[in-house]
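Shown below is the structure under consideration.
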Amino acid sequence: MDNDKIPSSAGLAAIFNEVHTERLILRRLQPTDGLAMFAIHGDPATNQYNPHGPDPDLATSEETLRLWCQQWEEYGFGYWAVTLPQAENILGVGGVRHLVWRNREVLNLYYRFTPGAWGRGYATELVQTAVTLARIHLPQWPVIARTRAENIASIRTAERAGLVRRPDLDTEHIVFALGWLPIGDQQNSFQG
């Protein structure tokens, strides 16, 4: 895809700011979401497979939130806060955000929910929506998801989003990808 065909950040924001799925509202993260971020990222249960463990305090979650909100400003998309219709409490955080990984621009697929939201298919609904929008509006960047080999729920969620296990990309995480091509084959090609 030519750079002149990449939508502007304002154009992407119009698409990504608030997305409604069958059961969820996916909305742009706000600077006021710090307590909800800490409730999710500070919970030991939601960080069972995170080598860094849970956020130790509210300030750590708020700094992550600040960086993620900054990405929204720069790119017009990023991770969403996940809520139910007619509810204000945030059940989870996730979606895709731009990052440079292995010297390549990619979209990192992320999903983390409160334990009370587990087992209801919300993560699958979120990731399928995020990947669909990414493939339509941001096809120039592959989508990746990195997880631990023992995190079976995360692996299944990545697979339900259409990502394919890529052992050749593994680091300390196992990697799933969609649209990743070897450097040099990146022109206008797409493959899982």
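Exactly one condition in (1) at negative phi; (2) in contact (Cβ under 8 Å) with a residue 24 or more places away in the chain is false for E88; which is it?
If we test E88 against (1) at negative phi; (2) in contact (Cβ under 8 Å) with a residue 24 or more places away in the chain, just (2) comes out false.
Take the residues in segment 75-105 that are of a type in the set (D, E, K, R) and under 16 Å from the mean Cα position of the chain (by Cα), then tell me which one is nearest to A36 (Cα to Cα).
It comes out as R97.
In addition: Looking at segment 26-59 only, could you name the residues that are outside any loop (DSSP other than H, G, I, E, B), over 16 Å from the mean Cα position of the chain (by Cα) and within 27 Å of Y75 (Cα to Cα)?
Correct list: P31, T32, D33, G34, L35, A36, F38, A39, L58, A59.
Can you tell me which condition C69 does not meet? The list is (1) surrounded by fewer than 16 Cβ atoms within 10 Å (Cβ to Cβ); (2) closer than 21 Å to V106 by Cβ, and all the others hold.
Single failed check for C69: (1).
So that you can scan it fast, the table gives a plain yes or no per residue for (1) in contact with a helix residue (DSSP H, G or I) (Cβ under 9 Å, 6 or more places away or on another chain); (2) buried (at least 16 other Cβ atoms within 10 Å of the Cβ):
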| position | (1), (2) |
| --- | --- |
| V82 | yes, yes |
| G92 | yes, yes |
| L107 | yes, yes |
| R120 | no, no |
| V131 | no, yes |
| P167 | no, no |
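Looking at segment 125-138, I want the residues that are part of a helix (DSSP H, G or I) and have a partner that is of a type in the set (S, T, Y) with Cβ atoms under 8 Å, at least 6 apart or on another chain. Which pairs are those?
E125/T21; L126/T21; L126/Y111; V127/Y111; V127/T157; T129/T21
Now a separate question. Is it the case that L35 is surrounded by 15 or more Cβ atoms within 10 Å (Cβ to Cβ) and touching a Leu at 6+ places or on another chain (Cβ under 8 Å)?
No: the conditions fail for L35.
Out of D43, D33, D55, report the one residue that is without any contact (Cβ under 8 Å) to a residue 24 or more places away in the chain and charged (D, E, K, R).
Answer to the selection: D55.
Mind counting the residues in segment 60-90 that are of a type in the set (F, W, Y) and assigned to a helix (DSSP H, G or I)?
3
Each value in this text was obtained by applying a stated rule to the coordinates, not by laboratory testing. Note that this is a predicted model, so its numbers are computed, not measured. Note that we place each Cβ from the backbone using ideal geometry, even for glycine, and neighbour counts take in every protein chain shown.
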